[in-house]
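For reference, the structure is listed below as structure tokens.
The values are calculated or read from the model by the stated rules, or taken from the named source; none is laboratory data. Just so we're clear, the structure is a prediction, and the values are computed from it rather than from any experiment. Quick reminder, even Gly has a Cβ in these numbers, built from the backbone with ideal geometry, and neighbours come from all protein chains shown. Quick note on the areas: whole protein, heavy atoms, side chains included, nothing else; ligands and nucleic acids left out. Shrake-Rupley method; radii C 1.70, N 1.55, O 1.52, S 1.80 Å.
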Amino acid sequence: MNQRNSDVTAHDGQTDGIDGTDRIDDTDGYEVRPGVPTADAYRRLRRATGLGAKSAEGAAIGLPNTWYGVTVHASPGLADDADPVGMGRIIGDGGCFFQIVDICVLPQHQGHGLGKRIMAALTAELERRAPAGAYVSLIADGDARHLYAKFGFTETAPASVGMEFTPRPAY
């Protein structure tokens, strides 16, 4: 099941009871919502947080194939189309293999526990919907490994190591 831009918010499957939508506590001025950012917002977040640029074409193709994603918005209650200040996604085949990607929060919004809230939302969805025995992986850059360890992720080296391949464009 793909998650697309949405204006509801997840919180451990609990609803706020008024309109049936799920809400994460937004008393600190932030709200985590299921869905993915627009391609432009996605590319902006990646560049601004040091994750590296992605092409417009790649973002347009990849984002709709997200298994589950969340965005973080400042000042809940403002326009639902306001640009997110953070995000996180789960990609994969939906059955056997999943990878957590694109965990980021704009520097000016860091220090509010938003990375933890993103990871909590993503791991809660995995616990809820991923089949037993599914393999969930991620690549931890720098000190981010300490955050991921709090959610049960363990380093795989030396038994296995992350590797990468970047296809070259056709000429």
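Listing for the model above:
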{"item": "Residues located in the stretch 29-62, provided they are part of a loop (DSSP other than H, G, I, E, B), under 18 Å from the mean Cα position of the chain (by Cα) and either within 12 Å of Asp102 (Cα to Cα) or at pLDDT below 95 (or both)", "result": "Val36, Pro37, Thr49, Gly50, Leu51, Gly52, Ala53, Lys54"}
{"item": "Subset of the stretch 29-56 that is surrounded by fewer than 19 Cβ atoms within 10 Å (Cβ to Cβ) and among the hydrophobic types (A, V, I, L, M, F, W, C) - its residue that is nearest to Asp141 (Cα to Cα)", "result": "Leu51"}
{"item": "Checklist (1) more than 17 Å from Gly29 (Cβ to Cβ); (2) part of a helix (DSSP H, G or I) applied to Ala157, failing item", "result": "(2)"}
{"item": "Where Val70 falls short, out of the listed (1) open to solvent by 10 Å² or more (accessible area, probe 1.4 Å); (2) touching a residue at least 60 places away in the same chain (Cβ under 8 Å)", "result": "(1)"}
{"item": "Test for His109: is it closer than 22 Å to Val32 by Cα, out of contact with any strand residue (DSSP E or B) (no Cβ under 6 Å at 6 or more places or on another chain) and open to solvent by less than 50 Å² (accessible area, probe 1.4 Å)", "result": "yes"}
{"item": "Subset of the stretch 97-134 (residues that are closer than 22 Å to Asn65 by Cα and polar (S, T, N, Q))", "result": "Gln99, Thr123"}
{"item": "Test result for Arg89, more than 29 Å from Ala134 (Cβ to Cβ) and modelled with pLDDT of 95 or more", "result": "no"}
{"item": "Some residue of the stretch 135-158 being open to solvent by less than 30 Å² (accessible area, probe 1.4 Å) and in contact with a helix residue (DSSP H, G or I) (Cβ under 6 Å, 6 or more places away or on another chain)", "result": "no"}
{"item": "Filtered residues of the stretch 101-139 (kept if free of Cβ contacts under 8 Å to residues at least 12 places away in the same chain, at negative phi and not in a helix (DSSP H, G or I))", "result": "Gln110, Ala132"}
{"item": "Criterion: open to solvent by less than 70 Å² (accessible area, probe 1.4 Å) and either at pLDDT below 95 or among the aromatic types (Phe, Trp, Tyr) (or both) - qualifying residue of Asp26, Asp19, Asp83", "result": "Asp26"}
